[in-house]
Amino acid sequence: MQVTAQSCPQTSFFEKNKFTILRNVAYLFVIALLVIVPMFNIVRIDIARNEAFILGKPVSLAEGLAPVIFAIGIFAILVIVLNLLLGRVFCGWICPGGWFAEIQEKFRKMWWNLKSNSAQRLSYILFTVFTSILFAFLFLNWITDLRVLVYKTNPSFIPMWLVFLGMTGMFYFELFIGKRWCRVFCPTGIYQKITPCYHIYKPTLVNPDVCTDCRECVKNCPMALDPRRMAYIQDFYKGIAACIECYNCIDSCVKAQSEKCLPVAMGVVKELPPRDQDFISGKPLSKH
Ligand code: SF4
Ligand code: SF4
C-alpha cells in the first residue's frame, strides 16, 4: 500500500512574498522615476552649465527652479496626506532611502555582527561606500550633469566635488546603520511619528488560536516591533507610530504557517479585535 505524506494546499511563491514583491515594485518604480526624469531632461537643473530643462526644453536656471520647488511641495503634501490616512506608508513603500536601508540591513546582518571577522567588516564598509556613492548620484543627477566631476576645466568642478563628497559622507552615515536610520534618525520618519496619523489598515494578530509563537513576524519586522501587539501600543518606538506598513510580518507568517500546514495568524484589519492588557504587555500567548 502506498503511503502518502500529509498534504495541505500549496502556497504559491507570490502568496508567500506578496507584500515584499509589491513593495519592491513600488520602490523601484520611484527610483526609476528619480533616474529617468532628470536623465531625459524632463525636469532638471544643470548648475555646471548654468541652465535648466523643463520637458526637454532648455530654460534659465531660475525658471527651472520653479518645477523643482513644486515637486518638493508635492512630495511634502504626499507625505502628510499618506501619513494622515495610512501611517508611515511613505517609508515602507516609496522612500528610496527606506529601500536602500533595507538592502543595507541584509548585508549588515551578514557582515557586521558580533561574530564578523575583519574581512567581513571591511566588505561591509566598502559595500556601504558603494551604495552611498550610488545614492549621492541619484540626487546629484537632479542638479548637475554628472560629467562635471571629470571636467577639471569647468568652474563647477571643485564645488560639485565638494557637494558630492558631502552627500556621500552624509549618506554613508545613514546607510551604515541600516534600518536603524528609519527607526531613530530620519527626520521624515520623526515628523510622521509626531504629527497626527490615522492607520486605516492595521497589521495585527487576527487568528491567535493558530499562532505558534514562532516569532518569525517579530524577527522580520524592519522596525523592531512585535507586529502582533504593536497596533495596541501608543509609543514612538514600540507602537503603531513606528510601523511603516510594510507587511513583512504578514509575509513571514504566511511562510512560517504554510510550512506547518496551519492557517495564517497575522492579517490586516480596520478595527482592532479586543485584547486584554496581559497580551498587549507581552505575556506568552499560551496564557490567553
Ligand atoms: S509591524 Fe508589520 S507592517 Fe509594521 S513595520 Fe513591522 S513588519 Fe512592517
Ligand atoms: S509569524 Fe505568525 S505564527 Fe509566528 S509568531 Fe508571528 S503571528 Fe504567530
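Laboratory data are not the source of any read-out in this text; all were calculated from the coordinates shown. It should be emphasised that the depicted structure is a prediction, and the values quoted were computed from it without experimental measurement. Please note: Cβ atoms are built from the backbone with ideal geometry, for glycine as well, and neighbour counts cover all protein chains shown.
Here is the list for the range 189-269: trypsin sites (Lys or Arg not before Pro) lying in DSSP coil, each with at most 11 other C-beta atoms within 10 angstrom of its C-beta, are Lys260.
Of all the C-alpha pairs in the range 200-287, what % are more than 16 Å from each other? Summing the P(r) tail past 16 Å for the range 200-287 gives 48 percent. A DSSP coil position with no more than 14 other Cβ atoms inside 10 Å describes the following trypsin sites (Lys or Arg not before Pro) in the range 27-135: Lys115.
A crude spin-label estimate for the pair Phe70 and Asn113, with each label 7 Å from Cα along the Cβ direction, gives 4.9 nm. For Ile80 and Ile125, FRET efficiency with R0 = 35 Å and r from the beta-carbon atoms, rounded to 0.05? The value I calculate is 0.45. Helices in the chain, meaning DSSP H runs of at least 4 residues, each add -39500 (n - 2.57). Divided by all residues, the mean residue ellipticity at 222 nm is -16000 deg cm²/dmol. Springs between alpha-carbon atoms under 10 Å, Gaussian network over the chain: tell me which of Gly189, Gly178, Gly73 tops the mean-square fluctuations. So, out of Gly189, Gly178, Gly73, the one fluctuating most is Gly73.
Over 15 Å, how big is the tail of the calculated P(r) for the range 140-207, in percent of all Cα pairs? Roughly 70 percent, rounded to a whole number. Among the chymotrypsin sites (Phe, Trp or Tyr not before Pro) in the range 1-70, those located in a DSSP loop and surrounded by at most 14 other Cβ atoms within 10 Å of their own Cβ are Phe40.
Taking one quarter of the surface of the convex hull spanned by the alpha-carbon atoms of the range 71-221 gives a direction-averaged projected area of 12.3 nm². Considering only beta bridges that DSSP places wholly inside the chain, some 100 percent are antiparallel.
When the Cα positions of Ala256, Asn117, Thr212 are compared along the charge dipole of the chain, Asn117 comes out farthest toward the positive end, with charges on each C-beta of Lys, Arg, Asp and Glu. Find the Rg to Rh ratio for the chain, where Rh is the Kirkwood radius over alpha-carbon pairs and Rg uses the same atoms. Here Rg/Rh amounts to 1.06. Unpartnered cysteines of the chain (Cβ-Cβ under 4.7 Å counts as a partner)? Those would be Cys91, Cys95, Cys182, Cys186, Cys197, Cys211, Cys214, Cys221, Cys243, Cys246, Cys253, since no other cysteine Cβ in the chain comes under 4.7 Å of theirs.
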